[in-house]
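Encoded as structure tokens, the structure appears first; notes follow it.
The values are calculated or read from the model by the stated rules, or taken from the named source; none is laboratory data. For clarity, every value in this text was computed on a predicted model and none was experimentally measured. Cβ placement follows ideal geometry from the backbone for every residue including glycine, while neighbour counts extend to all protein chains displayed. Calculation scope for accessible area: heavy atoms of the full protein, side chains included, ligands and nucleic acids excluded. Shrake-Rupley method; radii C 1.70, N 1.55, O 1.52, S 1.80 Å.
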Amino acid sequence: MRWPRTLRWRLALSIAAVLVLAAGATFVAIYRGTGSELRSQIDRELRSDSGAFLHRGLPVHAATPQAVESAARAYVSGQPFRATARLVFVRSARGGVVTNEPELLTPDHEPGETAGRQRDENEEARTLLGASPGYSTVTLADVGEVRLLVTPLMRGGRRVGTLGVGEPLESAERAQRGVAGTFLVAGTLTLLAALLAAFLVAAATARPLRRMASVATRVDAGDLSPRMDPAGSTEEIRVLADSFDHMLDRLEDAFARQREFVADASHELRTPLTVIRGQLEVLARQQDPPPEEVRRVEALVRTEVLRMQRLVEDLLVLARAGEREFLQTRTVDLRPFVGELVDGMRATADRRFELGDVPEGTLAADPDRLAQALRNLLRNAIEHTDRGGLVRVTSSVRGGRLTIVVDDDGPGIPPEHRERVFDRFHRTDPSRSRSAGGMGLGLAISQAIVRAHGGRIRAGESPERGARIAVELPGFEPGEPPREGRRAPLRAFSRRA
């Protein structure tokens, strides 16, 4: 017989096998317990009957074998032996036997009875009469097993006879057969019901697994959209389904970022490549191009190549933002970190920079990535302000979260663009060229870095009616202020042309 390979049948048969073993063990325990209890009850009743004869059937003055036989004959005369009654016999010291079943203990030869049968009956009578004192079990041909209790009859310190009380074990055997029959019928019905219930339970258990297999097949075919939907499943299935869904989420996100990277790269590289190709074709059409034209084309091609290099680097940053190795988190001393960052940007543009009070403490962050994000915010403010315009950096702490705000007095961000301003290649003013307004990746990179730190970034309006970009980061630990006193509330400086 071939073992079923499906999980449903294997679970169902396994449960059924366990139930069969449990029912078998229960049957053996009840079967034996029933027989043992009934035999113990028979032993108690035999002891009670023996005691009754000793107290009521045998007078105190019966000290001779003849008196014993006479008393026994009077006691057992009204107790005929049947298969459900008890056997009582008394054997006196001189060998006389008094019993309620004389044909059993004093068998006579009956007409038509064979010699072998007569020998068997005589042997059974000798077995009963010669049984040792105490309890024993004797097998009789016509009755079956008989439980026997033999008690010596003593008078004046000498043995005047032997009392035997016996009862067939047919009642115990009948009870055990009833238990076996009941167990056979009830056990069969229970097993069938249990097999059906086990199959239904196994089917319910296997159903989410089959659904997972179906989802895995679709994923293998390239469709990453289906999910396990573990609702209503057991805790173990839910954990497995959640882990599988989490894996699919990461795969789908990775493929989405890959597609976005390819689409963005192809879209943004098309323009500089077109410019380079056009200029080279113009140069190639000239038989002897002048040196000034060659140098002009060379400078333009170099500019476009550098722009493509920056574009690829920015796209790689965005593509890697979802990876675990994207951040190298360390402890950053916040006050010098922000001060040096603003000081470095001050030398790059003719703007009026203001640095507010920086909280004393440390931040758990990747200093290189965080500096890249903040520089992008400062560059964005510089690009959208005129010469001498205001760029202000302030920071605050609330509930262990640090907020860094960059304000400017430029034209600001229209409300309808404040959500989309962090999208890749998004520009609030489409008329601005790439050379004047950048490639539209700065704020997208800042958002990716901030989110990788577990923070949030949002756009709004500054008090100067310009743009405000606020970055909120977790992991700030306050520290002691320096001994020389706290930094001035606002430090203003500007770069002169």
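Could you list the trypsin sites (Lys or Arg not before Pro) in the range 325-418 that lie in coil according to DSSP, counting only those with at most 14 other Cβ atoms within 10 Å of their Cβ?
Details: sites: 330, 346, 351, 352, 369, 375, 379, 387, 392, 398, 401, 418; in loops: 351, 387, 418.
Those that pass, being in a loop and sparsely packed, are 387.
Please compute one quarter of the surface area of the Cα convex hull for the range 318-364 and express it in square nanometres.
Details: hull surface 19.3 nm².
Directional mean of the projected Cα hull area for the range 318-364 stands at 4.8 nm².
Given points 7 Å out from each Cα along the Cα-Cβ axis, report the residue 13 to residue 119 separation in nanometres with one decimal.
Taking the simple label geometry, residue 13 and residue 119 are separated by 5.6 nm.
Picking from 294, 344, 217, whose Cα lies most toward the positive end of the charge dipole for the chain (charges on Cβ: Lys, Arg +1; Asp, Glu -1)?
Looking along the dipole axis, the top candidate is 344.
Taking the Cα centre as origin and putting +1 on Lys and Arg beta-carbons and -1 on Asp and Glu beta-carbons, what dipole magnitude results for the chain, to the nearest 20 debye?
Values: 71 positive and 66 negative charges, 107 e Å.
Using Cβ point charges on Lys, Arg, Asp and Glu, the chain gives about 520 debye.
Using only Cα atoms, tell me the angle between helix 115-129 and the longest principal axis of the chain; keep it within 0 to 90° and round to the nearest 10.
Relative to the chain, helix 115-129 is tipped by roughly 80 degrees.
Given a 1.4 Å probe, how much area per residue of the chain is accessible, in Å²? Intermediate results must be reported in sequence, preceding the final value.
Values: 28500 Å² over 497 residues.
Using a 1.4 Å probe on heavy atoms only, each residue of the chain averages 57 Å².
On the principal axes of its Cα set, how long, how wide and how thick is the range 179-252? Give whole Å, largest value first.
63, 23, 13
With +1 assigned to the C-beta of every Lys and Arg and -1 to the C-beta of every Asp and Glu, and no other charges, what is the dipole magnitude of the range 344-408 about the Cα centre in debye, to the nearest 20? Present the calculation step by step, with values, prior to reporting the outcome.
Values: 10 positive and 10 negative charges, 10 e Å.
So the dipole magnitude of the range 344-408 works out to roughly 40 debye.
Just to verify a number: what accessible area does residue 123 come out at with the full protein assembly present, 1.4 Å probe, Å² rounded to tens?
Only protein atoms counted, so the area is about 90 Å².
At what distance in nm do the modelled label points of residue 288 and residue 396 sit from each other, each positioned 7 Å from its Cα along Cα→Cβ?
7.2
Using only Cα atoms and rounding to the nearest 10 degrees, what angle (0 to 90) does helix 334-346 make with the longest principal axis of the chain?
Its long axis makes an angle of about 30 degrees.
Multiplying the sequence separation of residue 127 and residue 325 by 0.36 nm and subtracting their Cα-Cα distance, what value in nm do you get?
On the way: separation 198, 0.36 × 198 = 71.28 nm, distance 9.44 nm.
Taking residue 127 through residue 325 to full extension adds about 61.8 nm, to one decimal.
Charges at C-beta only: +1 for Lys and Arg, -1 for Asp and Glu. How large is the resulting dipole of the range 283-355 about its Cα centre, in Debye rounded to 20? Walk me through the numbers before you get to the answer.
Working: 13 positive and 14 negative charges, 27 e Å.
Dipole about the Cα centre, nearest 20: 140 debye.
Probe radius 1.4 Å, ligands and nucleic acids ignored: give me the carbon and sulfur share of the accessible area of the range 92-248 as a rounded percent. Each step should come with its number before you reach the end.
Numbers: 5090 of 8740 Å².
Heavy-atom surface of the range 92-248 belonging to carbon and sulfur, 1.4 Å probe: 58 percent.
For residue 259 and residue 200, calculate 0.36 nm times their separation in residues minus their Cα-Cα distance, and state this gained length in nm to one decimal. Could the numbers behind the result be given before it?
Working: separation 59, 0.36 × 59 = 21.24 nm, distance 4.46 nm.
Net length gain for the segment: 16.8 nm.
For the range 211-230, list residues with backbone N below 18 Å from a point placed 7 Å from the Cα of residue 245 toward its Cβ?
211-219, 224-230
Starting from the amide H of residue 458, placed 1.01 Å from N in the peptide plane, find each other amide H under 5 Å away whose residue is 5 or more places distant or on another chain.
HN-HN under 5 Å from residue 458: 470.
Roll a 1.4 angstrom probe over the protein heavy atoms and tell me the percent of accessible area of the range 288-371 that is carbon or sulfur. Show your work: numbers first, answer last.
On the way: 2200 of 4270 Å².
For the range 288-371, the apolar C and S fraction of the accessible surface comes to 51 percent.
Using Cα atoms only, what is the angle between the long axis of helix 235-285 and the major principal axis of the chain, expressed in degrees (0 to 90) to the nearest 10?
That works out to roughly 20 degrees.
Kindly provide the pair-distance distribution of the chain built from C-alpha pairs, with 10 Å bins from 0 and whole-percent values in order of increasing distance.
The distribution over the chain is 3, 12, 13, 11, 8, 7, 6, 6, 5, 5, 6, 7, 6, 3, 1, 0, 0, given as percents.
Among 197, 138, 157, whose Cα lies farthest out toward the positive end of the dipole of the range 132-260, if unit charges sit on the beta carbon of Lys, Arg (+1) and Asp, Glu (-1)?
157
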